[in-house]
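Below: one structure, written as structure tokens.
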Amino acid sequence: MRTTAAIRLYPVPEGADIATALTGEPCVAPAPQEVQGESVAILPGTQGLLTVSESETGDPVQLHLVAPG
């Protein structure tokens, strides 16, 4: 789940549904400053997250890496 300030990752145990997972505690990472941050992709292992943003003015798409600290 993405908000303007954070990316929240909810683990989904095998056999569980998403509604149940959203009742648990998320792992929270800061979200980069993006005008229209719309997507998040999880990289394999502990490499981090990728976020993509676009703007309504036609600026190029921006790609950001959120790496673990």
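The values are calculated or read from the model by the stated rules, or taken from the named source; none is laboratory data. Only a predicted model underlies this, so the values are computations on that prediction, with no experimental measurement involved. Cβ coordinates were reconstructed from backbone atoms using ideal geometry, including for glycine residues, and neighbour counts include every protein chain displayed. Just so you know, the surface numbers come from the protein's heavy atoms only, side chains and all, with ligands and any DNA or RNA stripped out. Shrake-Rupley method; radii C 1.70, N 1.55, O 1.52, S 1.80 Å.
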Residue-normalised accessible area of the range 11-57, expressed per residue, 1.4 Å probe, Å² = 73 Å²
Taking the Cα-to-Cβ direction at L43 and at I18 and moving 7 Å from each Cα, how far apart do the two end points lie in nm?
-> 2.5 nm
